[in-house]
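Q: The structure follows.
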Amino acid sequence: FTSTFSIYEKNYDYLVSEEEPPSCRNFYGLSKYEAEKKLMGFNGKINIIIFRCPVIVDKTRAHRLAILFEFIKSNATVWIIGDGNNRIQIVSAKDLFISIKKSLDLSGKHIFNIGSKKVLSLKKVFAFLVYKGKSKSKIRHLNKKFGLGVLNILSKLRLIDFSDYHNKMLVSNLVMDTSKIEQMLKFNTTKSNADLMFEAFEDYNNNHLNNSTGSSKKPRMGFFKIIKFFSKFI
């Protein structure tokens with residue numbers, strides 16, 4: 001079962017283990033955690049393997065990240081809410097697939113955190129994408145309270161395809177401890193969250209005009225289209 005790190009909805013200044021109590025209020029995280037409990041409470045003769053996944057990114061999976069890619073492609077200013085020192089973990093689809101295949105030999109019930117081990121801060125990831133993508137985009141910061149307030153208003157008015165949870169994630173730390181999966185399934189990834197995002201950016205940049213379906217297609221920009229236009233001149 002693929003669960004999610006969205007069962008956590010706080011700012012964590014430490015690695016989150018599989019034993020960490022959930023803190024989510026979003027319906028996505030709540031529903032996933034309810035499914036986890038039902039599976040782990042099942043007493044029949046069946047093996048249960050649960051993967052708690054962060055944001056899943058790969059060459060053909062950009063989804064909301066493509067909004068950021070559009071800014072960088074257009075050489076528009078990229079905005080960071082707060083100081084950008086927060087870290088958000090991601091995982092490649094390929095690593096997830098490999099881990100699922102390895103887990104088929106396990107017996108019993110297991111919950112695994114999965115994700116990139118090297119997790120750079122948001123501002124370092126953005127700087128990496130701008131540099132590697134040979135973009136002229138500048139990186140600027142917005143006051144945290146002001147920036148979140150604007151995003152929340154735009155979300156409630158449905159002018160952007162974000163929820164309150166997505167907005168919180170932009171300013172939160174959430175990195176899970178992957179030592180259990182490294183030990184039991186020999187999970188090993190050398191790519192950082194910045195490396196994985198650049199691979200997705202590069203593929204999107206080269207192919208998005210040919211992608212009409214799936215999460216690699218051009219995103220619904222909404223009000224971000226207006227922000228991007230003015231950000232070209234700031």
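The values are calculated or read from the model by the stated rules, or taken from the named source; none is laboratory data. Given the structure is predicted, the values throughout are model-derived calculations rather than measurements. Cβ: placed from backbone, ideal geometry, glycine included. Neighbour counts: every protein chain shown. Accessible surface areas use protein heavy atoms only, side chains included; no ligands, DNA or RNA. Shrake-Rupley method; radii C 1.70, N 1.55, O 1.52, S 1.80 Å.
Q: Return the single residue from 147, 41, 222 with maximal mean-square fluctuation; model: Gaussian network over the chain, springs between Cα atoms under 10 Å.
A: Among 147, 41, 222, the largest GNM mean-square fluctuation belongs to 41.
Q: For the chain, modelled as a GNM with alpha-carbon contacts under 10 angstrom, which of 90, 72, 98 fluctuates the most?
A: Of 90, 72, 98, the Gaussian network model singles out 98 as fluctuating most.
Q: Need the list of lysines near residue 38 for cross-linking: C-alpha distance under 18 angstrom, and skip anything on the same chain fewer than eight residues off.
A: 109
Q: Now, a different point. Just how far, in whole angstrom, is the range 168-193 from the range 34-101 if you go by their alpha carbon centroids?
A: Rounded to whole Å, the Cα centres lie 10 Å apart.
Q: Run the helix sum for the chain: -39,500 (n - 2.57) per DSSP H stretch of 4+ residues, divided by residue count, reported at 222 nm to the nearest 500 deg cm²/dmol. Don't jump to the answer; show the numbers that get you there.
A: Details: 9 runs with 93 residues, N = 234.
Estimated from H runs of four or more residues: -12000 deg cm²/dmol.
Q: Same structure, new question: Among 86, 173, 43, which one shows the biggest mean-square fluctuation in a GNM of the chain, springs joining Cα atoms closer than 10 Å?
A: Judging by the Gaussian network model, the answer is 43.
Q: Related question: In the range 36-137, what trypsin sites (Lys or Arg not before Pro) fall in a loop by DSSP, with at most 16 other Cβ atoms inside 10 Å?
A: Working: sites: 37, 38, 45, 52, 59, 61, 64, 73, 87, 94, 101, 102, 109, 117, 118, 123, 124, 132, 134, 136; in loops: 45, 59, 64, 117, 118, 134, 136.
Answer in residue order: 45, 64, 118, 134, 136.
Q: Please compute the contact order of the range 1-103 in relative form: average sequence separation of alpha-carbon pairs under 8 Å and at least six residues apart, divided by the residue count, as a percent. Spell out each step's value before the answer.
A: Values: 77 pairs, mean separation 30.4, N = 103.
Dividing the mean separation by the residue count of the range 1-103 yields 30 percent.
Q: In addition: Could you please put 148, 170 in sequence from largest to smallest accessible area, using a 1.4 Å probe?
A: On the way: 148 35, 170 60 Å².
Of 148, 170, the descending order of accessible area is 170, 148.
Q: Can you tell me what share of the DSSP beta bridges in the chain is antiparallel? A percent to the nearest 5 is fine.
A: Values: 2 of 19 bridges.
About 10 percent, rounded to the nearest 5.
Q: How do 77, 189, 60 stack up against each other in accessible area, from largest to smallest, with a 1.4 angstrom probe? Each step should come with its number before you reach the end.
A: Numbers: 77 5, 189 25, 60 90 Å².
Final ranking, largest accessible area leading: 60, 189, 77.
Q: Hey, another quick one. Relative contact order of the chain: what whole-number percent is it, with Cα pairs under 8 angstrom and at least 6 residues apart? Kindly include the intermediate steps, with their values, before the conclusion.
A: On the way: 389 pairs, mean separation 73.0, N = 234.
This gives 31 percent for the chain.
Q: Over the range 101-234, what is the relative contact order in whole percent, taking alpha-carbon pairs under 8 Å and six or more residues apart?
A: On the way: 86 pairs, mean separation 48.9, N = 134.
Computed value for the range 101-234: 36 percent relative contact order.
Q: Going from most exposed to least, what order do 176, 40 have by accessible area with a 1.4 Å probe? Please report the intermediate quantities before stating the final value.
A: Details: 176 5, 40 65 Å².
Accessible-area ranking of 176, 40, largest first: 40, 176.
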